[in-house]
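The values are calculated or read from the model by the stated rules, or taken from the named source; none is laboratory data. Computed from a predicted structure; not experimentally measured. Here the Cβ is made from the backbone with ideal geometry for all residues, glycine too, and neighbour counts use every protein chain on show.
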Amino acid sequence: MLTSLTESGAFSLLNKVYSFEELDQLRSTELFYCPACRQSVELKLGTVKRYHFAHRKKTACHYEVEPESERHLLGKQQLFDRLKQEGEAELEPYLPEIRQRPDMMLTFNKKKYAIEYQCSSIPHEQVIRRSRGYQSLKIEPVWILGSNQLHRTGASEYRLNAFHWFFIKNFPYSSLPYLLYYCPENKQLLRLSGFFPISKQIFHAKAEVMELSMDSLAPHKCSAPSGYPVSWLQSKVLKYRKYPPSKQVTSLQKVLYLKKRLPLSLIPPIVFMPAQFDFAIETEPYVWKTWLLLWAETRPGFSKQEVVRYFSFLESEGHIKRRSLQTISPSIEEILYELGNRLMQAGFLTWTEKNNIYTLAPIRWSSKITDVLHEDCEFFRLISALEHNL
């Protein structure tokens, strides 16, 4: 903590630049208390972490707070120093109605924001509880992750686990998500958006270094679309063909072998068609799209309602799992509508307005890897051309 209470009122370590001697003298004459639980706290003046307050050992505080790292203390100080220029700012204000204490509170354009800088992993229940607490007071929570939580696995490729998705925000008037990260060493705010998955945790995403301002923390307009990562996806599909995952989806593999006498590594490239809302499904994109393809091939045509019902059936059977999102999540209808549009643009699907029926074009299945690799090349050439013409 960077703030406390004294006998004479609130005290902040950011009021001015204090020397060690000043603070050492102060702690010999003053008693400091936690603003939340009112218990005595210690003023720590070590050489590893910046000066801060901490609860004494074996004391219980109803204000939930994890141990603060040097990264968290430094980042919080930098964020506060910059954001107080944007509007009326308070450092670590205690909100007795919900017994919570955000890292900082900012009033900007007559709206209140609770800024939380999160460097350590915490239970997702705590994230939900804190966010809902702020929202109950009509305060907008803004979560900023520490840069130590950013896991880059390649050029424009990132690993996101279930923990990260609880900090997702949506662009205004949109179901499209973004994440915020702050690096105190570089004093940089990073926004990650345009998420396209290839597996449950690996995503292609657009990273932007943003100016540290409320326009970046709470954008009033959607980011420009990043386009579909065709080259990246093609390289991932090629790797999948050569080195299929050792743990395949058993239930789908059984159905595929029964119907096609093929392994999952030889599925046709159509199931790798990227769509804008793929991020909303936790199941691997090629898995749930293969389920839909096998179903669609058995029908001369199908309506929007029928494919939505079948998707819901797959979900109820545990074959498809949607991602747990705390913000606006695309509906099944939106997810399938977006995918359907992509397939129609590529000529794999046609829509007859007269009877409101989709018709799937014949799809080639092959047991030869050379044929499948050739189909992959044709597929990615096609969607590259589509990207160029959009």
Quick check, is residue 203 surrounded by 18 or more Cβ atoms within 10 Å (Cβ to Cβ), of a type in the set (Phe, Trp, Tyr) and either more than 26 Å from residue 162 (Cβ to Cβ) or touching a His at 6+ places or on another chain (Cβ under 6 Å) (or both)? no
In the range 241-272, what count of residues is obtained for those that are aromatic (Phe, Trp, Tyr) and buried (at least 19 other Cβ atoms within 10 Å of the Cβ)? 1
Restricting to the range 158-178, what's the tally of residues that are surrounded by 18 or more Cβ atoms within 10 Å (Cβ to Cβ), in a strand (DSSP E or B) and modelled with pLDDT of 95 or more? 1
For the range 70-149, list the strands (runs of 3 or more DSSP E) that sit wholly inside it and hold at least 3 residues that are assigned by TED's automatic domain parsing to the domain that holds residue 161 and closer than 29 Å to residue 160 by Cα; which are they? 104-108, 111-118, 140-146
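Residue-by-condition table, conditions (1) in the same structural domain as residue 123 (by TED's automatic domain parsing); (2) in contact with a strand residue (DSSP E or B) (Cβ under 9 Å, 6 or more places away or on another chain); (3) in a loop (DSSP other than H, G, I, E, B); (4) in contact (Cβ under 8 Å) with a residue 12 or more places away in the chain:
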site: 300; (1), (2), (3), (4): no, yes, yes, yes
site: 307; (1), (2), (3), (4): no, yes, no, yes
site: 319; (1), (2), (3), (4): no, no, yes, yes
site: 325; (1), (2), (3), (4): no, yes, yes, yes
site: 338; (1), (2), (3), (4): no, no, no, yes
site: 343; (1), (2), (3), (4): no, yes, no, yes
site: 363; (1), (2), (3), (4): no, no, yes, yes
